[in-house]
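Presented below is the structure to which this report refers.
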Amino acid sequence: MKNHNHKAVKAELEKQPNILITTHRGPDGDAMGSSLALYQVLKALGHKFL
């Protein structure tokens, strides 16, 4: 699978200084791990979390 949209996603994220990360109700290990990984990436890109 080709990654066609990574530039569009990055551009959209750069427009948003604050981002809320959520999971589904009753999160399992996959949901928690994905959320924590996304948090780490966004934090490294300079996004702020409250």
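Where a number appears in this text, it was derived from the coordinates with a stated rule and is not lab data. Bear in mind that the values here come from a model prediction, so they are computed numbers and not experimental data. As a convention, Cβ positions derive from the backbone with ideal geometry for all residues, glycine included, and neighbour counts pool all protein chains shown.
Output the 0 to 90 degree angle, nearest 10, between the alpha-carbon long axis of helix 29-44 and the longest principal axis computed from the alpha carbons of the chain.
40
With the dipole of the chain worked out from charges on the C-beta (+1 for Lys and Arg, -1 for Asp and Glu) around the Cα centre, which of Gly33, His47, Ile21 lies farthest toward the positive end?
Looking along the dipole axis, the top candidate is His47.
Relative to the longest principal axis of the chain, what angle (0 to 90°, nearest 10) does the C-alpha long axis of helix 6-15 take?
Approximately 80 degrees, to the nearest ten.
Assigning unit charges at the beta carbon (Lys, Arg +1; Asp, Glu -1) and nothing else, what dipole magnitude in debye, to the nearest 20, does the chain show about its Cα centre? Don't skip to the answer; put the middle values down first.
Numbers: 7 positive and 4 negative charges, 42 e Å.
The calculated dipole for the chain is roughly 200 debye.
Using only Cα atoms, what Kirkwood radius does the chain have, in angstroms? If you can, show how the numbers build up before the last one.
Working: mean 1/r = 0.0816 Å⁻¹.
Computed over the chain, the radius equals 12.3 Å.
Using 7 Å Cα-to-Cβ label points, what is the Ala11/Ala44 separation (nm, one decimal)?
Rounded to a tenth, the inter-label distance reads 2.3 nm.
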